[in-house]
Structures are given as C-alpha cells and as structure tokens.
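Asks: This is the structure, below, for whatever I ask next.
The values are calculated or read from the model by the stated rules, or taken from the named source; none is laboratory data. A quick note: this is a predicted structure, and the numbers were derived from the prediction, not measured. No Cβ is skipped: glycine too gets one built from the backbone with ideal geometry, and neighbour counts run over all protein chains shown.
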Amino acid sequence: MILSTITLNPAVDKTYYVRNFTVNGLNRVDRVKVNMGGKGVNVAATAVKCGIHCTAGGFLSGYNGQQISKYVKDAGITADFVHTEGETRINIKVVDTENQTYTDINEVGPEISAADRETLFTKISDMAAKSDYVYVGGSFHPCLGNDIYKRLIEIIKEKGAKAVLDADGEALRLGIEAHPDIIKPNQTELESLIGTKIKTVSDVTRAAKALCKNGVETVLVSLGGNGAVAAIGGRIYRVYALNASVRSTVGAGDSFLCGYLYGLTVTEDAAEALQYAMAFATAKIQTEGTDIPDFENLKQDFGKVTVEIME
Ligand SMILES: Nc1ncnc2c1ncn2[C@@H]1O[C@H](COP(=O)(O)OP(=O)(O)OP(=O)(O)O)[C@@H](O)[C@H]1O
Ligand SMILES: [Mg+2]
C-alpha cells in the first residue's frame, strides 16, 4: 500500500508537567515533553512502522515547521509539504500531576494564502496519482473554509486514489458529499453528524448504514471504551474493546484507523482488518501522550480481539 497523509494545521505539542497548577501565579515545570504532529503526521508515523510506504503533506511554516519536517524525515516518511508564511503553531498542554487536571492551550495556526492553497491542491493531485490511499483529517485554519476536505477528496478521487476522512462538524458533513472511501467518526462526531444522541448499538448501525447509502464505502465508528461498529461492503461488524489500562486515549482513533489500513495490506477479510484496528488502538491507549507504539506492540493483541458479524 502506498499511503499519503495531509495535515493542514500541524502542531508542535508541548506538555508541561507541573504540581499544583496555579492561575495568576508562577508555575515551575517539573518535566517538558515535546511531540511533533497533527493527525496526518501521526497516522503517517504509525503507518511507516508497519512497513507502509508513506508521504506526509499539508502546510508547514517557520521554525516549528522545520522541526516537524525533520521529525517526519527521520521517521522514514517522505515529506512533501507546502511551506507557507508565518509559524506552525505550538499547542501547550499543562498536566497537573498533583490534582490530575489537564489544561489545553491551542493556537489557531498561521493563515493560508490563496496561492498556497492552490499549491496544496496541485501537490495533492500529484500525491494522489501515486497513492493507493490519501488520508485527510484534523483541524484546519478557518480561512480554508469548511468545504476544504470536500475539495481535497474530489481531487484525490479524480486521480483514482481512495480517500480516507477523519474530521468533525461541518467539515465532515461536507466532506461526505464528495464520497470518501473510508470515514472514522467517533461517537460525538457521529452524533453531531446525524443531529441526535446515540444510545444503542442499533442507533450506530442505522447511522452507519445511512452513511453508506450516501456513498461512503466504509464507515468505521469508534466508540471509545465501547469498541467500534463498522459498515463495510454491505455488512455490519461489531468490534469489542479489550480490557486495558488506559494511559492516554489521545490518538486512539487515529491508531484504530491505521490498524484498519494495515489490515487491508495483509488480508481481504474485513473482520480480520478490524481485529488489527482494535489491536492498534489498544496498544495506543496504553502508551503515554502522543508517543507511537512499535509495530510488534501495535499488533500484539490482534488474536485477542473479537469481531462479530451482526448483519
Ligand atoms: N477506555 C478505553 N478502553 C478500551 N479501548 C479504548 C478506550 N478508549 C478508546 N479505546 C479504543 O480506541 C478506539 C478509538 O477510540 P475513540 O473512539 O475514543 O477515538 P477518537 O475519539 O477518534 O480518538 P482520537 O481522535 O483522539 O484519535 C476505540 O474504538 C477503542 O478500540
Ligand atoms: Mg478521532
């Protein structure tokens, strides 16, 4: 499989570990952790660990952009970004180890000029022509408009690649209009998409089926600790979560999606691909922050995952 991933608003994540975080006071940092990423970069970094040939693209700017570019290349990913004016954002997370509080301070990221947006469209078109799958997901600067993923998916599909979308809100709703091949909403994202709360597995099933009717080939709905439900090729699958000690659920969905993509490279059986998805997600939740487990670790629980064909 040749995979490309697009990150429109990457970030350098800085986590400060402090004790007794105080507003209006001086906080001394015990430990700092720096992670390079954004959803697309994380998906690429996971995919290369599984031997998937991967290119990462999107926008990068300034010094932080250079750091991310270096990280991407060092990970063995081909970097093919559009370099823009300004500075790639820093997202600060403050973890209070004493009171177990988590505070996020996220920058909006640099504005993208119309010319840079056009360059991105051309780049993605070239990438898609050389890829089997192109992943788009994560947040983006509001100046790009909520139809940005829709436009990207149109370009990707025009070049004959399959489009994978992991977005939320209006960007997800509009993106679906371009018929992505795979989407992976979580419960909240699916609820806001259908406009009602989800209470039962059959609510999820109904929504997933409706999305397939709207032209999405594969709908993977991740339900946090409640596992996942997938609609693939006219069938509905229930994937059960494994019991695991949770360190961090951030990026669990991305890991789930990666596991599914990896599964597609080794089996034609959707149920088996979903076993990989769950194994990858389980390995991720047992890992701290945005760190990515090794391949051996990712697939470790494959054999333990139960997948039931519901319909
Ligand atoms: N508490 C948990 N216990 C067991 N498995 C979990 C837990 N939380 C998440 N998972 C696993 O991770 C998968 C994805 O989780 P979730 O639905 O929270 O993704 P998400 O919200 O899209 O995450 P992100 O966007 O941060 O990557 C679930 O389908 C499940 O397999
Ligand atoms: Mg998610």
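Asks: Are any of the residues in segment 37-56 in a strand (DSSP E or B), closer than 20 Å to Ser4 by Cα and of a type in the set (Val, Ile, Thr)?
Replies: Yes, the conditions are met somewhere in segment 37-56.
Asks: Can you tell which of Val239, Val216 is within 12 Å of ligand 1 (Cβ to nearest atom) and of a type outside the set (S, T, N, Q)?
Replies: Criteria check complete, one pass: Val239.
Asks: If you don't mind, another one. Looking at Ala210, Ala271, Ala231, Ala244, which is the one that is away from ligand 2 (no atom under 16 Å from the Cβ), in a loop (DSSP other than H, G, I, E, B), over 17 Å from the mean Cα position of the chain (by Cα) and small (Gly, Ala, Ser)?
Replies: Ala244 is the lone residue from the list that is away from ligand 2 (no atom under 16 Å from the Cβ), in a loop (DSSP other than H, G, I, E, B), over 17 Å from the mean Cα position of the chain (by Cα) and small (Gly, Ala, Ser).
Asks: Which ones in segment 226-256 are closer than 17 Å to Ile292 by Cβ, in contact with a helix residue (DSSP H, G or I) (Cβ under 7 Å, 6 or more places away or on another chain) and either hydrophobic (A, V, I, L, M, F, W, C) or modelled with pLDDT of 95 or more (or both)?
Replies: Across segment 226-256, the qualifying residues are Ala244, Val246, Ala252, Asp254, Ser255, Phe256.
Asks: As an exercise: evaluate Arg235 against (1) over 22 Å from Cys50 (Cα atoms); (2) crowded, with 19+ Cβ neighbours inside 10 Å and give the number of the one condition it does not meet.
Replies: That leaves (2) as the condition not met.
Asks: Take Val12 and tell me if it is closer than 20 Å to Ser139 by Cα and either basic (Lys, Arg) or modelled with pLDDT of 95 or more (or both).
Replies: Working: closer than 20 Å to Ser139 by Cα: yes; either basic (Lys, Arg) or modelled with pLDDT of 95 or more (or both): yes.
Criteria met by Val12.
Asks: When you scan segment 100-121, do you find a residue that is surrounded by fewer than 24 Cβ atoms within 10 Å (Cβ to Cβ), basic (Lys, Arg), in contact with a Gly (Cβ under 8 Å, 6 or more places away or on another chain) and over 22 Å from Pro293 (Cβ atoms), even just one?
Replies: Within segment 100-121 (the criterion being surrounded by fewer than 24 Cβ atoms within 10 Å (Cβ to Cβ), basic (Lys, Arg), in contact with a Gly (Cβ under 8 Å, 6 or more places away or on another chain) and over 22 Å from Pro293 (Cβ atoms)), the answer is no, since none of the residues qualifies.
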